[in-house]
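> After the C-alpha cells below, expect a handful of questions from me.
What follows is calculated from the coordinates using simple rules that are stated; it is not laboratory data. The shown structure was predicted, so the numbers you read here are calculated from the model rather than taken from an experiment. Ideal geometry is used to build each Cβ from the backbone, glycine not excepted, and the neighbour counts take in all protein chains shown.
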Amino acid sequence: MPPQTEAALRAAVTRLSSANAAQFETELRQAVEAATRAGNNASVRTFPHRWSVFVAIKQHPERAARLREFERIVGESEDRAERRAAAAGIGALLAEAEEDLSQADGPA
C-alpha cells in the first residue's frame, strides 16, 4: 500500500486506473474547498482514506472484478434477495480493503 499522502495516492490511482485520475483531482479540490468553507479539515482528513480504499481494491484484480460484479447485480437485478446479497458482498469487500490498510499501518 502506498502511504496515505496526496502524491503517493495520486501516483497509485493514475497507475491503477488512469480513468479515475481526473476524479481524484476533482475530489481533492472539493475536499480542500469544503475544508476552507467549514473552517475545519475533516474533509481533507477523510480524502486520503477513501482513495486508499480505492487503491486497496484496484491493486487486486480479482477483488476489483468482484466489486464490479456486485455493483452490476445491485444495479440490474430485479431479485431483492440477490441485490441484498450483492450489497453485503460489497460490504465484505470494503472490509477486506480496510483490513489491508490496517495491516499496512502496522499495530496500533
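> Being among the charged types (D, E, K, R) and crowded, with 16+ Cβ neighbours inside 10 Å is the filter here, so list the residues in the range 64-79 that pass it. Even if it seems obvious, please write down each step before you answer.
The first filter runs over the range 64-79 and keeps only residues among the charged types (D, E, K, R), leaving 66, 68-69, 71-72, 76, 78-79.
Passing the criteria: only R66.
> Taking only the range 4-26 into account, find how many residues are touching a residue at least 24 places away in the same chain (Cβ under 8 Å) and surrounded by 13 or more Cβ atoms within 10 Å (Cβ to Cβ). Step through it out loud before you land on a result.
From the range 4-26, those touching a residue at least 24 places away in the same chain (Cβ under 8 Å) are 4-6, 9, 12-13, 16-17, 20, 24; that's our starting set.
Filter once more, keeping what is surrounded by 13 or more Cβ atoms within 10 Å (Cβ to Cβ): 4, 6, 9, 12-13, 16-17, 20, 24.
So the count comes out to 9.
> How many of the residues making up the range 13-30 are under 20 Å from M1 (Cβ atoms) and either assigned to a helix (DSSP H, G or I) or touching a strand residue (DSSP E or B) at 6+ places or on another chain (Cβ under 8 Å) (or both)? Lay out the reasoning, then the answer.
Taking the range 13-30 as the starting set, the residues that turn out to be under 20 Å from M1 (Cβ atoms) are 13-18, 20-21, 23-24, 27-28.
Of the ones still in play, those that are also either assigned to a helix (DSSP H, G or I) or touching a strand residue (DSSP E or B) at 6+ places or on another chain (Cβ under 8 Å) (or both) are 13-16, 18, 20-21, 23-24, 27-28.
Of the residues in the range 13-30, 11 are under 20 Å from M1 (Cβ atoms) and either assigned to a helix (DSSP H, G or I) or touching a strand residue (DSSP E or B) at 6+ places or on another chain (Cβ under 8 Å) (or both).
> Taking the condition of being in a helix (DSSP H, G or I) and over 13 Å from the mean Cα position of the chain (by Cα), how many residues in the range 69-98 meet it? Spell out the reasoning first.
Just the residues of the range 69-98 that are in a helix (DSSP H, G or I), to begin with: 69-76, 80-98.
Going one step further and asking which of them are over 13 Å from the mean Cα position of the chain (by Cα), we end up with 69-76, 80-89, 92.
Final tally of qualifying residues: 19.
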